[in-house]
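**Q** Can you keep this structure in mind? I'll have questions shortly.
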Amino acid sequence: MTTTDPPASGPARARRAFRRFRRTRPFWAAVWIALGGFVIFFLPMAPLGRILQVGVGGIAGMAGGVVIMAMALLVLALPGQRHTAGTIAVIAGVASFPLSNLGGLFVGMGLSVLGGAMAFGWLPEKPARRRGLLRRRDRAADGTPASPVSLGSGSA
């Protein structure tokens, strides 16, 4: 009698699929970029008592927020373009400082710069090696173990 795992339920399969999606993209960088863009975009729509600049500055801030949120979507949709999108997110975040109420009162600017830097620095995981190949390679020709080799963390 063999033991097999019962079929996974719908939520378990969805969670596994989301985990796989999240690990193949700079997910957390996109989250920080999107939050920064959200703050920069919606701060000009706050009540007038909380806004430092109104008018064209508010429109420029909203446009900057839209650009930053678009870069978050680009980072998620096309991870190969993460360098370009991360750089644009950092530039738009820093540009929001004079254009949009001190960069979303520094919060939006900081989040978009953080996320852009994370997107720029993200590296995809290398595919896992097969264990059998490592074991054969770690032994010398006479069967004695070879000196240990550092494999690293696998993230670079």
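**Q** I'm checking my understanding of the structure. Among residues of segment 21-43 that are open to solvent by 100 Å² or more (accessible area, probe 1.4 Å) and modelled with pLDDT of 90 or more, which one is nearest to Ala77 (Cα to Cα)?
**A** Step by step, filter segment 21-43, then rank; the result is Trp28.
**Q** Continuing with this model, one more query. Criterion first (closer than 15 Å to Gly103 by Cβ and modelled with pLDDT under 75) does Ala46 satisfy it?
**A** yes
**Q** Still on this structure, please answer the following. Name the single residue that is nearest to Met45 (Cα to Cα) among those in segment 55-90 being in contact with a Gly (Cβ under 6 Å, 6 or more places away or on another chain) and open to solvent by less than 40 Å² (accessible area, probe 1.4 Å).
**A** Only one residue tops the list, namely Gly65.
**Q** Right, something else. Residue pairs, Cβ under 9 Å, 6 or more apart or interchain, first in segment 19-40 and without any contact (Cβ under 8 Å) to a residue 24 or more places away in the chain and of a type outside the set (Phe, Trp, Tyr), second open to solvent by 40 Å² or more (accessible area, probe 1.4 Å) and in a helix (DSSP H, G or I). List them.
**A** Filtered contacts from segment 19-40: Arg22/Trp28.
The values are calculated or read from the model by the stated rules, or taken from the named source; none is laboratory data. Here the structure is a predicted model, which is why all the values come from computation and not from measurement. Cβ sites come from the backbone with ideal geometry, for glycine too, and all protein chains shown count toward neighbours. Heavy atoms of the whole protein, side chains included, go into the accessibility calculation; ligands, DNA and RNA do not. Shrake-Rupley method; radii C 1.70, N 1.55, O 1.52, S 1.80 Å.
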